[in-house]
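Peer 1: One structure, as C-alpha coordinates, below. Some questions next.
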Amino acid sequence: MIDIISLGCSKNLVDSESLQRKFQKNGLCCVIDAPEVTGDTVIINTCGFIEDAKQESIDTILQFADAKTKGQIKHLYVMGCLSQRYREELQQEIPEVDKYYGKFDWEGLIDDVRCMMADVRELKADSHSLTGEGRGGASAYIKISEGCDRHCAYCAIPLITGRHKSRSMDDILGEVREKVSEGVKEFNVIAQELTYYGIDIDGKRHIAELIEEMADIPGVHWIRLHYAYPNQFPLDLLKVMREKDNVCKYLDIALQHISDSVLSNMCRNTTKEETMELVRQIRREVPGICLRTTLMVGYPGETDEDFQELVDFVKWARFECMGAFAYSEEEGTFSAEHFEDNVPAEVKQARLDKLMRVQQRISQEVMDGHIGKTMEVIIDREEGDYYIARSQYSSPEIDPEILINKEDGMLNIGEFYNVTITDAEEFDLYAKIL
(Lines give C-alpha, C1' and ligand atoms only; values in the text may rest on other atoms or scores of the structure.)
Protein backbone atom coordinates (compact mmCIF):
# COMPACT_ATOMS: atom_id res chain seq x y z
CA MET A 1 0.00 0.00 0.00
CA ILE A 2 1.23 3.49 -0.92
CA ASP A 3 -0.09 6.50 1.00
CA ILE A 4 0.09 9.91 -0.70
CA ILE A 5 -0.28 12.91 1.59
CA SER A 6 -1.23 15.93 -0.50
CA LEU A 7 -0.58 19.31 1.11
CA GLY A 8 -1.34 22.80 -0.14
CA CYS A 9 -3.68 23.81 -2.94
CA SER A 10 -5.84 21.93 -5.42
CA LYS A 11 -3.10 22.20 -8.06
CA ASN A 12 -0.99 19.92 -5.85
CA LEU A 13 -3.93 17.57 -5.52
CA VAL A 14 -4.08 17.27 -9.31
CA ASP A 15 -0.43 16.13 -9.32
CA SER A 16 -1.13 13.69 -6.48
CA GLU A 17 -4.09 12.21 -8.36
CA SER A 18 -2.04 11.92 -11.54
CA LEU A 19 0.67 10.06 -9.63
CA GLN A 20 -1.97 7.84 -8.06
CA ARG A 21 -3.40 6.85 -11.44
CA LYS A 22 0.07 5.98 -12.74
CA PHE A 23 0.71 3.76 -9.72
CA GLN A 24 -2.63 2.04 -10.25
CA LYS A 25 -1.80 1.37 -13.91
CA ASN A 26 1.32 -0.37 -12.63
CA GLY A 27 -0.77 -2.60 -10.37
CA LEU A 28 0.09 -0.81 -7.12
CA CYS A 29 -2.49 0.01 -4.46
CA CYS A 30 -2.47 3.72 -3.66
CA VAL A 31 -4.65 6.12 -1.62
CA ILE A 32 -4.59 9.89 -1.14
CA ASP A 33 -5.10 11.56 2.24
CA ALA A 34 -6.52 8.50 3.94
CA PRO A 35 -7.78 9.14 7.51
CA GLU A 36 -4.76 7.23 8.76
CA VAL A 37 -1.66 5.81 7.09
CA THR A 38 -1.88 2.04 6.67
CA GLY A 39 0.85 1.33 4.12
CA ASP A 40 4.59 1.00 4.47
CA THR A 41 5.39 3.62 1.80
CA VAL A 42 4.52 7.30 2.24
CA ILE A 43 4.83 10.05 -0.39
CA ILE A 44 4.42 13.64 0.78
CA ASN A 45 3.44 16.22 -1.87
CA THR A 46 4.59 19.48 -0.29
CA CYS A 47 3.58 23.13 -0.53
CA GLY A 48 6.09 25.98 -0.46
CA PHE A 49 3.95 29.05 -1.06
CA ILE A 50 3.89 30.94 2.25
CA GLU A 51 5.56 30.45 5.63
CA ASP A 52 2.66 28.60 7.28
CA ALA A 53 2.38 26.19 4.33
CA LYS A 54 6.13 25.56 4.32
CA GLN A 55 6.09 24.87 8.05
CA GLU A 56 3.20 22.42 7.68
CA SER A 57 5.15 20.59 4.98
CA ILE A 58 8.32 20.46 7.09
CA ASP A 59 6.40 19.27 10.15
CA THR A 60 4.74 16.53 8.08
CA ILE A 61 8.10 15.37 6.68
CA LEU A 62 9.57 15.29 10.20
CA GLN A 63 6.57 13.35 11.50
CA PHE A 64 7.01 10.59 8.94
CA ALA A 65 10.80 10.66 9.14
CA ASP A 66 10.34 9.84 12.82
CA ALA A 67 7.85 7.10 11.91
CA LYS A 68 10.41 5.61 9.53
CA THR A 69 13.12 5.71 12.21
CA LYS A 70 10.78 3.82 14.56
CA GLY A 71 10.04 1.22 11.90
CA GLN A 72 6.37 2.22 11.51
CA ILE A 73 6.89 2.79 7.75
CA LYS A 74 9.63 1.46 5.48
CA HIS A 75 9.95 4.09 2.74
CA LEU A 76 9.48 7.86 2.61
CA TYR A 77 9.52 10.08 -0.47
CA VAL A 78 8.97 13.84 -0.79
CA MET A 79 7.88 15.80 -3.87
CA GLY A 80 6.26 19.12 -4.75
CA CYS A 81 6.87 22.82 -4.34
CA LEU A 82 8.91 22.80 -1.13
CA SER A 83 11.39 20.23 -2.40
CA GLN A 84 11.51 21.95 -5.78
CA ARG A 85 12.80 25.04 -4.01
CA TYR A 86 14.82 23.62 -1.13
CA ARG A 87 15.89 20.14 -2.23
CA GLU A 88 19.55 20.42 -1.21
CA GLU A 89 18.74 21.90 2.19
CA LEU A 90 16.10 19.23 2.88
CA GLN A 91 18.47 16.44 1.89
CA GLN A 92 20.99 17.72 4.42
CA GLU A 93 18.52 18.46 7.23
CA ILE A 94 16.20 15.41 6.90
CA PRO A 95 18.27 12.57 5.43
CA GLU A 96 15.74 9.94 6.58
CA VAL A 97 13.78 10.63 3.37
CA ASP A 98 14.66 8.00 0.74
CA LYS A 99 14.57 10.51 -2.11
CA TYR A 100 13.42 14.06 -2.83
CA TYR A 101 11.68 15.07 -6.03
CA GLY A 102 10.63 18.52 -7.23
CA LYS A 103 7.44 19.69 -8.89
CA PHE A 104 8.31 18.48 -12.38
CA ASP A 105 10.44 15.35 -12.01
CA TRP A 106 8.13 13.39 -9.72
CA GLU A 107 7.31 10.81 -12.40
CA GLY A 108 10.68 9.27 -11.51
CA LEU A 109 8.95 8.13 -8.34
CA ILE A 110 7.02 5.56 -10.32
CA ASP A 111 10.09 3.61 -11.40
CA ASP A 112 11.71 3.92 -7.98
CA VAL A 113 8.67 2.71 -6.08
CA ARG A 114 7.81 0.07 -8.68
CA CYS A 115 11.27 -1.47 -8.36
CA MET A 116 11.15 -1.24 -4.59
CA MET A 117 7.71 -2.90 -4.48
CA ALA A 118 8.26 -5.48 -7.23
CA ASP A 119 7.16 -8.21 -4.90
CA VAL A 120 3.69 -6.66 -4.50
CA ARG A 121 3.04 -6.09 -8.20
CA GLU A 122 -0.05 -8.27 -8.06
CA LEU A 123 -1.88 -5.89 -5.72
CA LYS A 124 -5.10 -4.49 -7.13
CA ALA A 125 -5.97 -0.81 -7.18
CA ASP A 126 -8.12 0.38 -4.28
CA SER A 127 -11.70 0.93 -5.49
CA HIS A 128 -12.07 3.97 -3.20
CA SER A 129 -9.11 5.88 -4.57
CA LEU A 130 -10.69 7.59 -7.54
CA THR A 131 -10.44 11.27 -8.48
CA GLY A 132 -12.98 13.11 -6.34
CA GLU A 133 -12.73 10.67 -3.45
CA GLY A 134 -15.51 11.32 -0.95
CA ARG A 135 -17.66 12.92 -3.67
CA GLY A 136 -18.65 9.69 -5.39
CA GLY A 137 -16.10 10.27 -8.14
CA ALA A 138 -18.39 12.93 -9.57
CA SER A 139 -16.05 15.90 -9.08
CA ALA A 140 -12.58 16.50 -10.52
CA TYR A 141 -9.95 19.21 -10.88
CA ILE A 142 -8.66 20.03 -14.36
CA LYS A 143 -5.31 21.83 -14.48
CA ILE A 144 -5.08 23.77 -17.75
CA SER A 145 -1.61 25.25 -17.34
CA GLU A 146 1.42 25.30 -15.09
CA GLY A 147 3.59 28.23 -14.03
CA CYS A 148 3.03 31.97 -14.02
CA ASP A 149 4.38 34.91 -16.03
CA ARG A 150 3.05 37.44 -13.52
CA HIS A 151 5.78 38.68 -11.22
CA CYS A 152 3.94 39.92 -8.15
CA ALA A 153 6.57 41.25 -5.77
CA TYR A 154 5.63 39.00 -2.83
CA CYS A 155 5.02 35.73 -4.67
CA ALA A 156 7.42 32.80 -4.89
CA ILE A 157 5.28 30.77 -7.29
CA PRO A 158 7.20 31.78 -10.46
CA LEU A 159 10.42 30.81 -8.67
CA ILE A 160 8.97 27.35 -8.06
CA THR A 161 6.93 26.66 -11.19
CA GLY A 162 8.73 28.68 -13.86
CA ARG A 163 7.06 30.42 -16.77
CA HIS A 164 3.44 29.90 -17.77
CA LYS A 165 2.91 26.86 -19.98
CA SER A 166 -0.53 26.04 -21.34
CA ARG A 167 -1.70 22.53 -22.07
CA SER A 168 -3.07 22.04 -25.56
CA MET A 169 -6.81 22.46 -25.88
CA ASP A 170 -7.14 19.01 -27.45
CA ASP A 171 -5.33 17.47 -24.48
CA ILE A 172 -7.58 19.22 -21.95
CA LEU A 173 -10.81 18.42 -23.79
CA GLY A 174 -9.68 14.82 -24.20
CA GLU A 175 -9.16 14.56 -20.44
CA VAL A 176 -12.61 16.03 -19.80
CA ARG A 177 -14.25 13.51 -22.15
CA GLU A 178 -12.36 10.67 -20.48
CA LYS A 179 -13.45 11.79 -17.03
CA VAL A 180 -17.07 12.15 -18.17
CA SER A 181 -16.93 8.53 -19.32
CA GLU A 182 -15.74 7.63 -15.81
CA GLY A 183 -18.71 9.37 -14.20
CA VAL A 184 -17.29 12.82 -13.44
CA LYS A 185 -19.90 15.58 -13.71
CA GLU A 186 -18.32 18.59 -11.99
CA PHE A 187 -15.08 20.11 -13.29
CA ASN A 188 -13.08 22.63 -11.29
CA VAL A 189 -10.73 24.39 -13.71
CA ILE A 190 -7.50 25.50 -12.05
CA ALA A 191 -4.23 27.21 -12.93
CA GLN A 192 -1.82 29.59 -11.27
CA GLU A 193 -3.30 32.20 -13.66
CA LEU A 194 -6.13 30.85 -15.79
CA THR A 195 -6.77 34.07 -17.73
CA TYR A 196 -3.31 33.69 -19.33
CA TYR A 197 -4.33 30.42 -20.96
CA GLY A 198 -3.06 30.30 -24.56
CA ILE A 199 -0.74 33.31 -24.39
CA ASP A 200 2.34 31.10 -24.69
CA ILE A 201 0.82 29.18 -27.64
CA ASP A 202 -0.03 31.98 -30.07
CA GLY A 203 0.04 35.21 -28.07
CA LYS A 204 -3.73 35.25 -27.54
CA ARG A 205 -5.95 34.46 -24.57
CA HIS A 206 -8.10 31.40 -25.25
CA ILE A 207 -9.71 30.80 -21.87
CA ALA A 208 -13.19 31.80 -23.09
CA GLU A 209 -12.90 29.47 -26.10
CA LEU A 210 -11.66 26.62 -23.91
CA ILE A 211 -14.49 26.95 -21.38
CA GLU A 212 -17.07 27.20 -24.16
CA GLU A 213 -15.71 24.00 -25.75
CA MET A 214 -15.74 22.25 -22.37
CA ALA A 215 -19.31 23.35 -21.73
CA ASP A 216 -20.45 21.77 -25.02
CA ILE A 217 -19.19 18.29 -24.06
CA PRO A 218 -22.20 16.07 -23.24
CA GLY A 219 -22.20 15.04 -19.59
CA VAL A 220 -20.39 18.11 -18.26
CA HIS A 221 -22.83 19.36 -15.63
CA TRP A 222 -20.78 22.06 -13.86
CA ILE A 223 -17.60 23.97 -14.69
CA ARG A 224 -16.11 26.22 -12.02
CA LEU A 225 -13.21 28.67 -12.49
CA HIS A 226 -10.33 29.24 -10.07
CA TYR A 227 -7.43 31.68 -9.81
CA ALA A 228 -7.94 34.56 -12.18
CA TYR A 229 -5.87 37.74 -12.26
CA PRO A 230 -7.56 41.15 -12.51
CA ASN A 231 -5.10 42.89 -14.86
CA GLN A 232 -6.24 42.59 -18.51
CA PHE A 233 -9.05 40.25 -17.49
CA PRO A 234 -10.53 38.59 -20.64
CA LEU A 235 -14.02 40.04 -20.68
CA ASP A 236 -15.23 37.58 -23.35
CA LEU A 237 -15.13 34.96 -20.59
CA LEU A 238 -18.03 36.72 -18.87
CA LYS A 239 -20.27 36.15 -21.91
CA VAL A 240 -19.55 32.42 -21.73
CA MET A 241 -20.30 32.37 -18.01
CA ARG A 242 -23.56 34.20 -18.55
CA GLU A 243 -24.81 32.17 -21.51
CA LYS A 244 -23.67 28.63 -20.71
CA ASP A 245 -25.94 27.11 -18.07
CA ASN A 246 -23.34 24.55 -17.00
CA VAL A 247 -20.63 27.16 -16.36
CA CYS A 248 -21.07 28.00 -12.68
CA LYS A 249 -21.75 31.59 -11.78
CA TYR A 250 -18.58 31.54 -9.71
CA LEU A 251 -15.18 33.15 -10.11
CA ASP A 252 -12.12 32.91 -7.88
CA ILE A 253 -10.13 36.08 -8.56
CA ALA A 254 -7.32 37.11 -6.20
CA LEU A 255 -7.29 40.90 -5.77
CA GLN A 256 -4.82 41.11 -2.83
CA HIS A 257 -5.35 44.82 -2.01
CA ILE A 258 -7.06 48.01 -3.13
CA SER A 259 -4.75 50.86 -2.08
CA ASP A 260 -2.94 52.24 -5.12
CA SER A 261 0.32 52.59 -3.23
CA VAL A 262 0.21 49.00 -1.96
CA LEU A 263 -0.84 47.63 -5.36
CA SER A 264 2.07 49.48 -6.93
CA ASN A 265 4.56 48.11 -4.42
CA MET A 266 3.11 44.64 -4.99
CA CYS A 267 3.73 45.00 -8.75
CA ARG A 268 0.10 44.08 -9.43
CA ASN A 269 -0.19 46.23 -12.59
CA THR A 270 -3.64 47.49 -11.69
CA THR A 271 -5.21 50.36 -9.75
CA LYS A 272 -8.05 50.86 -7.31
CA GLU A 273 -10.24 52.43 -9.99
CA GLU A 274 -9.58 49.60 -12.47
CA THR A 275 -10.24 46.95 -9.83
CA MET A 276 -13.53 48.47 -8.74
CA GLU A 277 -14.68 48.85 -12.34
CA LEU A 278 -13.84 45.21 -13.02
CA VAL A 279 -15.91 44.10 -10.01
CA ARG A 280 -18.81 46.25 -11.27
CA GLN A 281 -18.53 44.81 -14.78
CA ILE A 282 -18.37 41.20 -13.61
CA ARG A 283 -21.47 41.63 -11.47
CA ARG A 284 -23.25 43.53 -14.25
CA GLU A 285 -22.52 40.97 -16.97
CA VAL A 286 -23.00 37.83 -14.85
CA PRO A 287 -25.98 38.57 -12.57
CA GLY A 288 -25.97 36.59 -9.35
CA ILE A 289 -22.32 35.60 -9.62
CA CYS A 290 -20.44 34.41 -6.54
CA LEU A 291 -17.12 36.22 -6.30
CA ARG A 292 -14.36 34.68 -4.20
CA THR A 293 -11.21 36.66 -3.55
CA THR A 294 -8.06 36.61 -1.46
CA LEU A 295 -6.63 39.68 0.26
CA MET A 296 -3.37 40.41 2.05
CA VAL A 297 -2.72 42.61 5.06
CA GLY A 298 0.54 43.86 6.48
CA TYR A 299 2.45 44.22 3.22
CA PRO A 300 5.64 46.30 3.67
CA GLY A 301 4.73 49.96 3.90
CA GLU A 302 0.99 49.36 4.42
CA THR A 303 -0.25 52.30 6.51
CA ASP A 304 -3.33 52.57 8.69
CA GLU A 305 -4.90 54.59 5.85
CA ASP A 306 -4.08 51.87 3.31
CA PHE A 307 -5.64 49.25 5.54
CA GLN A 308 -8.78 51.32 6.12
CA GLU A 309 -9.11 51.65 2.35
CA LEU A 310 -9.06 47.86 2.16
CA VAL A 311 -11.74 47.54 4.85
CA ASP A 312 -13.94 50.05 3.05
CA PHE A 313 -13.44 48.16 -0.21
CA VAL A 314 -14.55 44.87 1.36
CA LYS A 315 -17.68 46.59 2.70
CA TRP A 316 -18.37 47.98 -0.77
CA ALA A 317 -17.65 44.83 -2.79
CA ARG A 318 -19.53 42.43 -0.47
CA PHE A 319 -17.69 39.35 -1.67
CA GLU A 320 -19.71 36.18 -1.30
CA CYS A 321 -16.53 34.35 -0.26
CA MET A 322 -13.26 35.87 0.91
CA GLY A 323 -10.01 34.64 2.39
CA ALA A 324 -7.22 36.79 3.82
CA PHE A 325 -3.74 36.29 5.16
CA ALA A 326 -0.93 38.31 6.65
CA TYR A 327 2.15 39.03 4.56
CA SER A 328 5.11 36.76 5.17
CA GLU A 329 8.46 37.44 3.56
CA GLU A 330 9.52 34.85 0.98
CA GLU A 331 13.20 34.65 0.16
CA GLY A 332 14.15 35.35 -3.43
CA THR A 333 11.11 37.52 -4.12
CA PHE A 334 11.26 41.18 -5.10
CA SER A 335 9.64 42.17 -1.80
CA ALA A 336 12.22 40.32 0.28
CA GLU A 337 15.08 41.92 -1.61
CA HIS A 338 13.76 45.47 -1.88
CA PHE A 339 11.38 46.11 1.03
CA GLU A 340 11.78 45.92 4.79
CA ASP A 341 9.11 43.78 6.44
CA ASN A 342 8.22 46.76 8.63
CA VAL A 343 4.65 46.07 9.75
CA PRO A 344 4.87 44.49 13.23
CA ALA A 345 3.45 40.98 13.59
CA GLU A 346 0.87 42.10 16.16
CA VAL A 347 -0.35 44.85 13.80
CA LYS A 348 -0.66 42.34 10.96
CA GLN A 349 -2.71 40.03 13.15
CA ALA A 350 -4.95 42.83 14.41
CA ARG A 351 -5.62 43.98 10.86
CA LEU A 352 -6.31 40.43 9.72
CA ASP A 353 -8.74 39.88 12.59
CA LYS A 354 -10.58 43.12 11.86
CA LEU A 355 -10.85 42.41 8.14
CA MET A 356 -12.24 38.94 8.77
CA ARG A 357 -14.78 40.29 11.28
CA VAL A 358 -16.05 42.63 8.60
CA GLN A 359 -16.29 39.76 6.13
CA GLN A 360 -18.01 37.51 8.66
CA ARG A 361 -20.85 40.00 8.97
CA ILE A 362 -21.13 40.18 5.19
CA SER A 363 -21.01 36.39 4.89
CA GLN A 364 -23.85 36.02 7.39
CA GLU A 365 -25.98 38.52 5.47
CA VAL A 366 -25.22 36.74 2.18
CA MET A 367 -26.14 33.39 3.70
CA ASP A 368 -29.36 34.75 5.21
CA GLY A 369 -30.28 36.03 1.76
CA HIS A 370 -30.40 32.46 0.45
CA ILE A 371 -33.22 31.40 2.80
CA GLY A 372 -36.31 30.44 0.79
CA LYS A 373 -34.40 30.08 -2.48
CA THR A 374 -34.33 26.93 -4.60
CA MET A 375 -30.92 25.63 -5.63
CA GLU A 376 -29.48 22.69 -7.47
CA VAL A 377 -26.89 20.86 -5.35
CA ILE A 378 -24.47 17.98 -5.63
CA ILE A 379 -24.24 15.54 -2.73
CA ASP A 380 -20.62 15.28 -1.56
CA ARG A 381 -20.77 12.91 1.41
CA GLU A 382 -22.62 11.77 4.52
CA GLU A 383 -21.74 13.19 7.93
CA GLY A 384 -23.68 12.19 11.04
CA ASP A 385 -27.37 12.92 10.55
CA TYR A 386 -26.81 14.93 7.37
CA TYR A 387 -25.97 14.70 3.71
CA ILE A 388 -23.40 17.37 2.89
CA ALA A 389 -24.01 19.14 -0.41
CA ARG A 390 -22.81 22.14 -2.42
CA SER A 391 -24.42 24.49 -4.92
CA GLN A 392 -22.75 25.95 -7.98
CA TYR A 393 -21.64 28.82 -5.73
CA SER A 394 -19.36 26.63 -3.59
CA SER A 395 -16.04 25.07 -4.51
CA PRO A 396 -15.11 21.75 -2.86
CA GLU A 397 -13.52 21.94 0.59
CA ILE A 398 -13.17 25.73 0.83
CA ASP A 399 -16.65 27.27 0.55
CA PRO A 400 -19.91 27.04 2.54
CA GLU A 401 -21.76 23.72 2.44
CA ILE A 402 -25.44 22.78 2.50
CA LEU A 403 -26.73 20.31 5.09
CA ILE A 404 -29.72 18.09 4.31
CA ASN A 405 -31.24 16.00 7.09
CA LYS A 406 -31.20 12.29 6.31
CA GLU A 407 -34.79 12.08 7.55
CA ASP A 408 -35.81 13.76 4.29
CA GLY A 409 -35.00 10.55 2.42
CA MET A 410 -32.13 8.55 0.99
CA LEU A 411 -29.86 10.43 -1.44
CA ASN A 412 -27.01 9.27 -3.65
CA ILE A 413 -23.47 10.60 -3.27
CA GLY A 414 -22.37 12.38 -6.45
CA GLU A 415 -25.89 13.01 -7.73
CA PHE A 416 -27.69 16.33 -8.25
CA TYR A 417 -30.92 17.37 -6.52
CA ASN A 418 -33.05 20.49 -6.19
CA VAL A 419 -33.43 21.83 -2.66
CA THR A 420 -35.03 24.72 -0.82
CA ILE A 421 -32.85 26.61 1.66
CA THR A 422 -34.53 26.64 5.05
CA ASP A 423 -31.94 28.17 7.41
CA ALA A 424 -28.50 29.72 7.44
CA GLU A 425 -25.47 29.96 9.65
CA GLU A 426 -22.30 31.96 9.03
CA PHE A 427 -20.63 29.22 6.99
CA ASP A 428 -23.39 26.65 6.34
CA LEU A 429 -26.88 26.45 4.90
CA TYR A 430 -29.67 24.01 5.71
CA ALA A 431 -32.05 22.69 3.07
CA LYS A 432 -34.88 20.33 2.27
CA ILE A 433 -35.15 18.21 -0.86
CA LEU A 434 -37.93 19.32 -3.18
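The values are calculated or read from the model by the stated rules, or taken from the named source; none is laboratory data. On a predicted model such as this, the values are computed, not experimentally measured, just so you know. Every residue, glycine among them, receives a Cβ derived from its backbone with ideal geometry; neighbour counts consider all protein chains shown. The accessibility values were calculated without ligands, DNA or RNA, using every heavy atom of the protein model including side chains. Shrake-Rupley method; radii C 1.70, N 1.55, O 1.52, S 1.80 Å.
Peer 1: Looking at the stretch 157-172, can you tell me whether even one residue there is open to solvent by less than 10 Å² (accessible area, probe 1.4 Å), at pLDDT 95 or above and not small (Gly, Ala, Ser)?
Peer 2: For the stretch 157-172, residues open to solvent by less than 10 Å² (accessible area, probe 1.4 Å), at pLDDT 95 or above and not small (Gly, Ala, Ser): present.
Peer 1: Another question, if that's okay. Tally time: how many residues in the stretch 250-267 are farther than 18 Å from Leu210 by Cβ and touching a residue at least 40 places away in the same chain (Cβ under 8 Å)?
Peer 2: Residues flagged as farther than 18 Å from Leu210 by Cβ and touching a residue at least 40 places away in the same chain (Cβ under 8 Å) within the stretch 250-267 amount to 11.
Peer 1: Here's a follow-up. So which residues in the stretch 370-389 are closer than 18 Å to Cys248 by Cβ and of a type outside the set (A, V, I, L, M)?
Peer 2: The answer is His370, Lys373, Thr374, Glu376, Asp380.
Peer 1: If Arg205 passes every condition in (1) in a helix (DSSP H, G or I); (2) touching a Gly at 6+ places or on another chain (Cβ under 6 Å) but one, which one does it miss?
Peer 2: For Arg205, the exception is condition (1).
Residue-wise test of (1) open to solvent by less than 50 Å² (accessible area, probe 1.4 Å); (2) over 22 Å from the mean Cα position of the chain (by Cα); (3) among the aliphatic types (A, V, I, L, M); (4) closer than 26 Å to Leu295 by Cβ.
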site	(1), (2), (3), (4)
Thr374	no, yes, no, no
Gln392	yes, no, no, yes
Pro400	yes, no, no, yes
Leu403	yes, yes, yes, no
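Peer 1: Can you pull out the residues in the stretch 209-239 that are in contact with a Leu (Cβ under 8 Å, 6 or more places away or on another chain) and either open to solvent by 10 Å² or more (accessible area, probe 1.4 Å) or in a loop (DSSP other than H, G, I, E, B) (or both)?
Peer 2: Glu213, Ile217, Tyr227, Pro230, Phe233
Peer 1: Looking at (1) aliphatic (A, V, I, L, M); (2) within 18 Å of Leu255 (Cα to Cα); (3) crowded, with 18+ Cβ neighbours inside 10 Å, which is the only condition Val358 fails?
Peer 2: Checking Val358 against (1) aliphatic (A, V, I, L, M); (2) within 18 Å of Leu255 (Cα to Cα); (3) crowded, with 18+ Cβ neighbours inside 10 Å, the one that fails is (3).
Peer 1: Do the conditions hold for Glu277, that is, is it farther than 28 Å from Phe339 by Cα, open to solvent by 10 Å² or more (accessible area, probe 1.4 Å) and either in contact with a Leu (Cβ under 8 Å, 6 or more places away or on another chain) or of a type in the set (Val, Ile, Thr) (or both)?
Peer 2: no
Peer 1: So if I check each of Ile44, Ile61, which one is touching a helix residue (DSSP H, G or I) at 6+ places or on another chain (Cβ under 7 Å) and either of a type outside the set (Phe, Trp, Tyr) or free of Cβ contacts under 8 Å to residues at least 24 places away in the same chain (or both)?
Peer 2: Within the list Ile44, Ile61, the selection yields Ile44.
Peer 1: Right, here's the next one. Considering every residue within the stretch 247-257, establish whether at least one is open to solvent by less than 10 Å² (accessible area, probe 1.4 Å), basic (Lys, Arg) and touching a Cys at 6+ places or on another chain (Cβ under 7 Å).
Peer 2: Within the stretch 247-257, none of the residues are open to solvent by less than 10 Å² (accessible area, probe 1.4 Å), basic (Lys, Arg) and touching a Cys at 6+ places or on another chain (Cβ under 7 Å).
Peer 1: Would you please name the residue that is nearest to Arg242 (Cα to Cα), looking only at residues in the stretch 395-404 that are modelled with pLDDT under 95 and not charged (D, E, K, R)?
Peer 2: Going through the qualifying residues, I end up with Ser395.
Peer 1: Of the numbered conditions (1) surrounded by 15 or more Cβ atoms within 10 Å (Cβ to Cβ); (2) over 20 Å from Cys248 (Cβ atoms); (3) in contact with a strand residue (DSSP E or B) (Cβ under 7 Å, 6 or more places away or on another chain), Asp200 fails exactly one; give the number of that condition.
Peer 2: Every listed condition holds for Asp200 apart from (1).
Peer 1: If you go through the stretch 17-37 one residue at a time, do you hit one that is surrounded by fewer than 22 Cβ atoms within 10 Å (Cβ to Cβ), closer than 23 Å to Leu194 by Cβ, polar (S, T, N, Q) and without any contact (Cβ under 8 Å) to a residue 12 or more places away in the chain?
Peer 2: Among the residues of the stretch 17-37, at least one is surrounded by fewer than 22 Cβ atoms within 10 Å (Cβ to Cβ), closer than 23 Å to Leu194 by Cβ, polar (S, T, N, Q) and without any contact (Cβ under 8 Å) to a residue 12 or more places away in the chain, which makes the answer yes.
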